[in-house]
Amino acid sequence: MAKKPGRPLPACVLVALALAGGSAMAQSAYPDRPIRLLLPIATGSVTDVVLRAAGQPLAQRLGQQVVIDNRTGASGIVGAEACAKAAPDGYTVCAVYHSIMSYNPYTFDKLPYDPERDFAPVTNLFFVTEGLVVPSSLPVQSVADLRAYAVKNPSGVNLGTLGEGSLQELFVSWLNREWKTSIVGIAYKGGGPIANAVGAGEIQIGQMGLGNFIGLIQAGKLRALAVSASQRSRLLPEVPTMAEVGLGGFPARTWWGLVVPAGTPAPVIARLNTEFVQVFRDPRFAEYMDGRYVEGAAGTPQEFAAFLKSDREAAKMLVRLAAPARH
């Protein structure tokens, strides 16, 4: 039986996970001091919660503390720039996502980093199942109702985004083109702030990882209209997929991965890959992620590099389709 969404992983399980196989790696000279994990999204978001939960087993396996350093803002650009400028010594690792690595080069004329030149891939981490949600007070019960409401209220519908160039901004542009509406994207620093804004009725639509919204859905403050997955979630079986409600044409999915500054020694990358993969593939941690609507995807650096190449190609096509104007 699955855990209820939002239930924290027991400390005893985290410790057991951390200790499993960790002693064999303890002989390595690296690392000999704490490791900083740059995270370009706000505290309390699904990604922040998952990576903080992974911190304890990672620390046990690496023999050093993993310190989360949230660097939010500008569609991940703030965090990406900090990563690109960090010393390539293995003591700064960086969580990255689709905007940083795939979309920003096509939506911004100038970036303070180059996603191909400035980073070395370590591993993909996970995919996020997203939810399309509205305040329960909004008089809509379905995506069809939401479309009708947006058409009828051309200046009264806003959708929370992670800023210019973010996947949510592209979704707004794509949705307006599909629906002939004038929905406006409002920027926030993370999924948590977006969830709170929708719950408070400050904005009318949220489209982020379901884990950001589930507490408010259970509390009756938000209504989930669709999920961005290939099939319905077993935790929310009554909520249709985006394809079922006619929004399957949006060809993108939120993912998170791990990189280091370019020039980081190969043995260090291999060590980081080994430890992150062990944690994120562990069945107990996979169950923890499943309860937060997150699907593990850890693999080799080579697999992540190939994934990044294909994702950039898809991003280029999507930007041309949904938001042809460069900024």
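In nm, what is the difference between 0.36 nm times the number of residues separating V151 and A286 and their Cα-Cα distance? Each step should come with its number before you reach the end.
Details: separation 135, 0.36 × 135 = 48.60 nm, distance 4.09 nm.
Full extension of this stretch gives 44.5 nm more.
Averaging over every viewing direction, what projected area does the convex hull of the Cα atoms of the stretch 103-178 cover, in nm²? Could the numbers behind the result be given before it?
Details: hull surface 29.6 nm².
Its average projected convex-hull area is 7.4 nm².
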About the Cα centre of the chain, what is the dipole size in debye to 20, counting +1 per Lys and Arg Cβ and -1 per Asp and Glu Cβ, all else neutral?
380
Answer with a single label: of (1) 20.2; (2) 21.4; (3) 24.9, which was calculated as Kirkwood radius over Cα pairs in Å from the structure in view?
(1)
At 1.567 mPa s and 4 °C, Stokes diffusion of the stretch 130-228 via Kirkwood alpha-carbon radius, µm² per second:
100
List the trypsin sites (Lys or Arg not before Pro) within the stretch 173-273 that fall in a DSSP loop (any state other than H, G, I, E or B) and whose Cβ has at most 11 other Cβ atoms within 10 Å.
K180, R234
In nanometres, what is the gap between the two model label sites at S182 and A262, each 7 Å from Cα along Cα-to-Cβ?
4.4
Per-residue Cβ contact counts at 10 Å, fewest first, order F307, F276 as F307, F276
Cβ neighbours within 10 Å, averaged per peptide: list 148-156, 312-320, 203-211, 59-67 in order, most packed at the top.
203-211, 59-67, 312-320, 148-156
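Before rounding to the nearest 500, sum -39500 (n - 2.57) across all DSSP H runs of length at least 4 in the chain and divide by the residue total; then give [θ] at 222 nm in deg cm²/dmol. Don't skip to the answer; put the middle values down first.
On the way: 11 runs with 126 residues, N = 327.
Helix contribution divided over all residues of the chain: -12000 deg cm²/dmol.
What's the FRET efficiency of Q218 with A306 using the Cβ-Cβ distance as r and R₀ = 45 Å, to the nearest 0.05? Don't jump to the answer; show the numbers that get you there.
On the way: r = 38 Å, r/R0 = 0.85.
Rounded to the nearest 0.05, the efficiency is 0.70.
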Between E244 and S136, with labels modelled 7 Å along Cα→Cβ, what's the label distance in nm to one decimal, could you check?
2.1
Using the structure shown, select from K221/K316; K110/K221; K85/K189 the pairs with a Cα to Cα distance greater than 29 angstrom.
K221/K316; K110/K221
Which FRET efficiency, nearest 0.05, do Q231 and D109 yield, Cβ-Cβ r, R0 41 Å?
0.55
Note on the chain, DSSP bridge orientation, antiparallel percent to nearest 5 equals 65
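FYI, it's all coordinate maths here, none of it is from the lab. In this text the structure is predicted, and so the values were computed from the model without any measurement. Counting neighbours? That spans all protein chains shown, and the Cβs are built from the backbone with ideal geometry, glycine included.
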